[in-house]
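Here's the structure, in C-alpha cells; my notes come after.
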Amino acid sequence: MAIRNLRLNNGETIELDEWLSWPLFSTVEFAKASRVKLPSFSYTVGQPVPRAGLAKRLADPSDTNMVIAKKINHDEAFVAFSITYEAFGLDNDVTTAGPTVAVAPLISANTLKRMQAFMTLSFKVGTRQSKPQAAAPLAWFAQGAGPVIAASSGTVGGGVNTSLSVGTAGRPSPRNQRRFPMPIFVQSDRKISVDVETPRGPIPRLGQDVRLRLYLDGIKRRPVA
Amino acid sequence: MAQQITKVRQPDGTVLRLADWTSSDPLYSTVEVAAGAFTVLQAFSYGLGGAVPGSATARNSDRLDTNLRGQGGKLPEDEALMLHGLAIEAFTVGVQDGGAAYFPVDDPHVSVLNMVRLQRDVIVTTRISAVKEYTRHPLSWFPAGSGVTEVNSLGLTDGGINGFAVANNGGDTPDDQRNFASPLLVQGGDPFTVDFTAGPGQVTGLDFADEAGRIALRVTCNGPRKRPIA
C-alpha cells in the first residue's frame, strides 16, 4: 500500500496522490548494417518491437512496461528524472582475425563505443513536437543498470575463442545515471517518444545486431484505488 | 519476573502499543531459476521452513533463504515495512556452463553470460495487498548492492589453461543500491510477494552443466521494519 497522507505536527493532514517510483522502459532493435531511426515507447506488450533491418518480432513483458502506446495513459502522469539504458547483443561480435570477443547477449566494448559515437537519443513530449525535452549523443547518457563484470586473464572457450571484450557505459549503478537538472513533467494523455537515431546512416563497422532497452527513470501518478 | 513493556495506557484511556523499528534486520526471500520455461516464482510466498520456489528438490528453506515468519504470502500481523527499495543478489546453485565451457566459473559465482541473460529476460513484480503492482521492471533495475570486488590473476581454472568471467547484478556496494523515489508501506497482514517472471517465458540460453543447476535470486527489502518488541 502506498503512503496516502501525511499528518503534520500541527495536526494538519495532507492527502497525497498515489505517486510511485515507476520507471518506464521500452526496447528497440537494429541490425549492424542498418540506418537507425526508431521510436521507443511507441508500443505495448504484444505489438511489434521497433526494429531496423531485422524480422518482425512481437514485444513480451521484458521489452516494455508501457500500458498504452506512444503516450501516458489518460488517468496517469509522469515525471522523468533521467534517461538510461542497457544494450544486449543479438549475435556475437567476431573480430576480423576470427576470434569471438563477445558472445550474445554480451555487448563488446567496440560495439558500445561505436554506438556512443554515432547514435543519438531525443526525448520528445507532445504531438508533432520537434523540440526535444532532452537530446544528446548516446555517450551523454550513462548506464544505470547492468552487470558489473570481473574476469581473469587467460583464454576462454577452451582456447578456441581467445578473447573477451565486454563494455558498459560507466560502472552500472543508479549513481552513474546522469540526472536532468530539472525534471520533465509529462501530463496525462500526452504523447511521448525517445527517438533512437544514427544521423550519418549505418554505424561504421558495427560488429553486432543490438537490442537497446531504454529507461525513463521517474515517478508516475495513478489512481489511488 | 522482569517483563518487557509492550504498551502504555494514557490517562485519557488510549493505549499506545510500543514497536521496534529497525533497518538492521532486513526482510529477505529467495527463489531459484532453472533452465527452461516457468510461469512465476514468488519470493515471500513462503515462510521460514517452507519450500523454496523453483528449487530442484523443493527443499525447505533455512535462514539463508528467508527470515519471513508465518506461512508466507503476507507480512505477519505484528510487523510493518517501509519499503525503500529492493536489492537482488544472484548465486549459482550447482555447476554451470559445463556444456558450453565458454566462461567456466566456480559456483556460487554467476558467469557473465548467465547474469546478462537473467538481466535481459527476468521481470520483477512487487505486489502489495494483491491488488496493485508496485514494480514491473527488469532484474537489472534492482542492483544487489553486495558482492565481491574481484582481483584475479592469470588462468585460474582448468589447471591454469582457461580464464573466467563472472558478473554481479549491478554494483557490489551499499551505495549501488537503488532506492524508490517514494517509499512503499506494507502493513501487518497485507498480502505481499515479489514475483519473478521471464518475458519470453524462460531465461533464454540459461546454461548449467546438469538439470539440478539453478540461479538463486535472493531479494532483500531495504528500509525500516516494525517488529514486535517482545
So, of the residues in the stretch B:146-160 that are exposed (fewer than 15 other Cβ atoms within 10 Å of the Cβ), more than 7 Å from chain A (Cβ to nearest Cβ) and in a loop (DSSP other than H, G, I, E, B), which turns out to be modelled with the lowest pLDDT? B:V151
List the residue pairs whose Cβ atoms are under 7 Å apart, where the first residue sits in the stretch A:102-116 and is more than 9 Å from chain B (Cβ to nearest Cβ), the second is in a helix (DSSP H, G or I) and among the hydrophobic types (A, V, I, L, M, F, W, C), and the two are 6 or more positions apart or on different chains. A:M115/A:L138; A:Q116/A:L138; A:Q116/A:A139
Cβ pairs under 6 Å, 6+ apart or interchain, first in the stretch B:2-24 and over 17 Å from B:G188 (Cβ atoms), second among the aliphatic types (A, V, I, L, M) and at pLDDT 85 or above, ordered by first then second residue, are B:R9/B:V15
With B:V219, B:V124, B:V194 as the choices, which residue is part of a strand (DSSP E or B), at pLDDT 95 or above and in contact with a helix residue (DSSP H, G or I) (Cβ under 9 Å, 6 or more places away or on another chain)? B:V124
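In the stretch B:197-213, which residues are at pLDDT 95 or above, in a strand (DSSP E or B) and of a type outside the set (V, I, T)? Lay out the reasoning, then the answer.
Going residue by residue through the stretch B:197-213, those that are at pLDDT 95 or above are B:197-204.
Checking the rest, the ones that are also in a strand (DSSP E or B) come to B:197-198, B:202.
Matches in the stretch B:197-213: B:A198, B:Q202.
Conditions tested, residue by residue: (1) more than 16 Å from the chain's Cα centre (by Cα); (2) crowded, with 18+ Cβ neighbours inside 10 Å.
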site	(1), (2)
A:V186	yes, yes
A:K191	yes, no
A:T198	no, yes
A:P204	yes, no
A:Q208	yes, yes
A:R211	no, yes
A:L214	no, yes
A:G218	no, yes
A:P223	yes, no
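Do we find that B:E89 is within 16 Å of B:D195 (Cβ to Cβ) and at pLDDT 95 or above in this structure? Spell out how you get there, then give the answer.
Values: within 16 Å of B:D195 (Cβ to Cβ): no; at pLDDT 95 or above: yes.
No, not satisfied.
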With respect to A:E12, is the statement that it is surrounded by fewer than 16 Cβ atoms within 10 Å (Cβ to Cβ) and at negative phi true? yes
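Given A:S34, A:S62, A:S26, which one is touching a helix residue (DSSP H, G or I) at 6+ places or on another chain (Cβ under 7 Å) and at negative phi?
Details: A:S34 fails: touching a helix residue (DSSP H, G or I) at 6+ places or on another chain (Cβ under 7 Å); A:S26 fails: touching a helix residue (DSSP H, G or I) at 6+ places or on another chain (Cβ under 7 Å).
Going through A:S34, A:S62, A:S26 in turn, the sole match is A:S62.
Kindly provide the set of residues from the stretch A:57-92 that are among the hydroxyl-bearing types (S, T, Y) and either assigned to a loop (DSSP other than H, G, I, E, B) or at the interface with chain B (Cβ under 10 Å from one of its Cβ atoms) (or both), ordered by number.
Applying the first criterion (among the hydroxyl-bearing types (S, T, Y)) to the stretch A:57-92 yields A:62, A:64, A:82, A:84-85.
A:S62, A:T64, A:T84 - these are the residues of the stretch A:57-92 that are among the hydroxyl-bearing types (S, T, Y) and either assigned to a loop (DSSP other than H, G, I, E, B) or at the interface with chain B (Cβ under 10 Å from one of its Cβ atoms) (or both).
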Could you grab me the full set of residues in the stretch A:143-170 that are at pLDDT 65 or above, at the interface with another protein chain (Cβ under 7 Å from one of its Cβ atoms) and within 19 Å of A:N110 (Cβ to Cβ)? A:G146, A:P147, A:I149, A:A151, A:L164, A:V166
Given the conditions (1) buried (at least 22 other Cβ atoms within 10 Å of the Cβ); (2) in contact (Cβ under 8 Å) with a residue 60 or more places away in the chain; (3) of a type outside the set (G, A, S), report the number of the one that B:L68 does not fulfil. (2)
Kindly indicate whether any position in the stretch A:37-56 is within 11 Å of chain B (Cβ to nearest Cβ) and of a type in the set (G, A, S). no
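The values are calculated or read from the model by the stated rules, or taken from the named source; none is laboratory data. Model, not experiment: these values are computed from the prediction. Heads up, the Cβs are rebuilt from the backbone with ideal geometry, glycines too, and the neighbour counts pull from every protein chain shown.
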